[in-house]
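What follows is a single structure, written as structure tokens, with notes after it.
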């Protein structure tokens, strides 16, 4: 028994070593080892392993071009497989024989082999094999191909459909190969519409990923198709992609195939000169390929003596040429010399120079577990393969240990990526790779360059085994980056506004597709330049320098002054710039970064990010003592205003008392005198008074917001009133024009009078109303001017006065409340109109935070007689068109899902709204239906707070942005929870991103199953995912899925992410599927066009 197990391990060792040699390209040696493995298996009772090894030997023979030996090996394997009833192996063998027959054009015989193979997949033992789906899929694809070649198109159609079905269940995705075969079939059927719809996507995939395992087969099949159809442009495009594939493979065989295909192309196009040239190239490659094969055979019979002599010569040469004794690659001394030579060359040519480090993963374990001799063998193998891969790129060195260094010139990210992937694919060992390339600077040293390369490697190792990191450490033109990035941001904003204008639905659809395509291009462009300029700084692979920090500070401030508040730049980059400048002597740039960061965080949700905002304004206090030492008057003024801005932010914090705020106000007033601010900033009396008055007004207003009941005896309120009353009286003058008073001061003064018992709420309300009516319409023309609107009094009246008036209406005497009801209703209508006029994208960000808080106040104090739901939906629709379309779609899908439940199993609805009897459910079904419809419409209302992030960034989101987006259910719930009519929707809003099993999703601390109507939450979870995955019109950067695809995904995740009962119904209910397909295609177009048309119409009225 022990001998049996030892022999089995021996055979497995032969197979493992054979696979390694195969991957290294040593086919003949791999064949020898597989023969030895088979000889061992013949001595022991392991028939399945024996068959598998025999089949694999046949594959190796086939790949070596020895078809006779391959067939013989397959037949021997088949004989054993039949004896032991190993049905999976029989299916595989017939498939391999069929492949060989198909290679030589024997399609009928190949088809018969594939059909035989398919028969064996029906046995139960075959179905239990881990590779069952894979072999069934491959047989289906091969049958589709052979039936197409034999013009048996109906049969081919059947197997294409079968292949797609199996692909959804198979562990290995072969959807691309299936698409190639389907294109061949549809072209044969004359279905040119399908061909033109998909062929460019196939070509794009081949161009983007020239590593497809069946690249040659797909290329040859498509070449024949293009020749038949006269598609010479696509034919040429395909051959160009195959050239790239051949270069990546870097094998004579593929170069030979490439020139053969080009020869056929030039002959077909009538270009006889190029055809003759390519034909001669083909014969040259064919001779070289044959010579290479002969050399391989010669190497097979080389003896140990030759190897010994070669080793001695290698050792002698290394002493002279500075080679590593073990591996034969260069050593440290050679790298030093080569780097200096290359540096001199690239400085003359104005090129660049690159260093790569290849680190073998877990190499210590090899030495510890298998011994140092085995470790040496691994190092030799890696060195040999690296030299092969680098033959056209540069040189290889080993500086000791398990790391190899690569030296390269004229690097590009694309070229290094191709090289790194080639190394990763060819090495049998797992490695991490880090590359740094740069245009040499003055005083460039190899040591500094090696430091950059080690940083890249360190980052790659953090990502895990087999990872690659490539960093461009050249001196960068950050001004050019920011100029291009701003240009792309502006184009994105322009696309959002221009594509909606169309005279017909067809024109609009064309605009939509063009926008989608251009946004994808901008996405790629932005990611490319971000990856080049910012990512190395953000991930630490590039060291921040004083010059870089100062340059970036100026560029970021320039964006800030031009109205751009982009999270990546204003937060992520500004943070590391500020951190560096804090330790350096650049006060102007450091002050500007602190102001930018304080402002950027201030535009995020105050409850979540107050500490971040206040931190940066507090850090400015370090410059108080040196204010008068700053040479620029404009910077001194900016800094002082930032001191005051920090005080106002402090006052608006919910955790700070009125007493603390009054102390802070007194501190700032004293600092104004002590620091001689008026003289330091060279202010006039009027300017000085205006600055201090504004600070006091805003600080007192922010500090007193938490008081909601009159408290005449409160000494702190009295002190606050004493601060603002003189300012109020000075601004009011003789009282003939109340609009001369600052709007925030006017409102807060009369509110303070109410808090101190100097007037009742009726008088306070009437004072606010009088002021509102006095200024209303005074700046009507600025509503439609984005740059002016936010600074206008109309803006402040909308976002602050109207919510305050609505709040006051709830506290009025009954008589006045009834009298003012219609007036307040008109205020709400004006509120919605003004919100619709606010900018919706582009440079103007931060608005949504103000809208969110204003809207929250409206909801909190909304009178019972007002339609809260109409207000919520109106604001959502007018604020973000993409989100409103998504909400409309989710609402419609939710209704369809509810109808499906009601049709198939109404008992599931028992308990909803406390209806337990079926007749109750039937009677109140319209009520349930309306609730589900409305829940779908407002489920994403919380996105109003993150509108500056949602669908605005044509780049990957930052971690901060992702975390902020995940809070939108909480933001939404907070908006509606205080409105009586909206409270039932809180659970739907909070639960729509949770998993069915309540173990994942967000918010993490919320468990929907502990709350009301979990079934309706499950319904909304599915509707939300279904719309997002199938959207082919919106701004998604991924390909939209079909209903069948998404149903299969739901099936795979049922019980975890989705309700299994609902998923089962969706799979069974054909009526639901029919209605859903209509909704997801034509229905979506109609909804989108309707919303965008009304949006465009509204924009036209503004113009």
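Descriptive notes on the structure:
- For segment 624-720, a Kirkwood radius taken over Cα pairs fed into Stokes-Einstein (10 °C, viscosity 1.306 mPa s) yields D = 111 µm²/s.
- Highest mean packing comes first when the peptides 995-1006, 519-530, 363-374 are listed by Cβ atoms within 10 Å, giving 519-530, 995-1006, 363-374.
- Helix 87-103 and the longest principal axis of the Cα set of the chain meet at an angle near 80°.
- Cβ-derived FRET efficiency at R0 22 Å, residue 209 paired with residue 521, nearest 0.05: 0.75
- Protection proxy ranking of 10-16, 707-713, by the mean of other Cβ atoms within 10 Å over each peptide's residues and highest first, is 10-16, 707-713.
- Segment 881-1102: radius of gyration and largest Cα-Cα distance (Dmax), Å: 17.4, 53
- Sorted peptide list for 384-393, 746-755, criterion being average Cβ within 10 angstrom, highest first: 746-755, 384-393
- Rounded to the nearest 10 degrees, the angle from helix 814-837 to the longest Cα principal axis of the chain is 40 degrees.
- Going from the fewest other Cβ atoms within 10 Å to the most, the residues 604, 723 appear in the order 723, 604.
- For segment 647-665 and segment 9-63, distance of Cα centres in Å: 79
- If you wrap the tightest convex hull around every Cα atom of the chain and split its volume per residue, you get 241 Å³.
- Estimated inter-spin distance, residue 194 and residue 1068, nm [label 7 Å along Cα→Cβ]: 3.2
- Shape metrics for segment 560-633, restricted to C-alpha atoms - Rg then Dmax, Å: 12.6, 37
- Computed across segment 63-171, the Kirkwood hydrodynamic radius from all distinct Cα-Cα pairs reaches 14.1 Å.
- Length-normalised contact order of the chain in % [C-alpha pairs under 8 Å, at least 6 apart]: 5
- Relative contact order (percent, whole number), segment 315-475, Cα cutoff 8 Å, 6+ residue spacing: 27
- Note on segment 315-475: Kirkwood radius taken over Cα pairs, Stokes-Einstein applied at 20 °C and 1.002 mPa s, translational D equal to 135 µm² s⁻¹.
- Given R0 = 60 Å, the distance between the Cβ atoms of residue 1077 and residue 28 translates into a calculated FRET efficiency of 0.60.
- Compared with the dominant principal axis of the Cα atoms in the chain, helix 715-732 is inclined by about 80°.
- Shape of segment 539-598, Cα gyration tensor, a/c cut at 1.5: oblate
- Here the contact order of segment 478-585, divided by its residue count and restricted to Cα pairs under 8 Å and six or more residues apart, works out to 28 percent.
- With R₀ fixed at 51 Å, the C-beta to C-beta distance from residue 776 to residue 910 puts the FRET efficiency at about 0.45.
- Dividing the convex hull volume of the alpha carbon atoms of segment 478-585 by its residue count gives 96 Å³ per residue.
- Using distinct alpha-carbon pairs, which all enter the 1/r mean, Kirkwood radius of segment 328-391 in Å: 14.1
- Principal axis dimensions, largest first and in whole angstrom, of segment 414-530 by Cα: 62, 40, 22
- Within the chain, helix-based [θ] at 222 nm, where runs of 4 or more DSSP H residues each add -39,500 (n - 2.57), nearest 500: -22500 deg cm²/dmol
- Note on segment 601-663: Cα-only Rg and Dmax are 13.1, 37 Å.
- Part-to-part distance (alpha-carbon centres) for segment 706-746 and segment 209-271, which is given in Å: 81
Every number in this text was worked out from the coordinates using simple rules, so none of it is lab data. Remember, predicted model here, so these are calculated numbers, not experimental data. Here the Cβ is made from the backbone with ideal geometry for all residues, glycine too, and neighbour counts use every protein chain on show.
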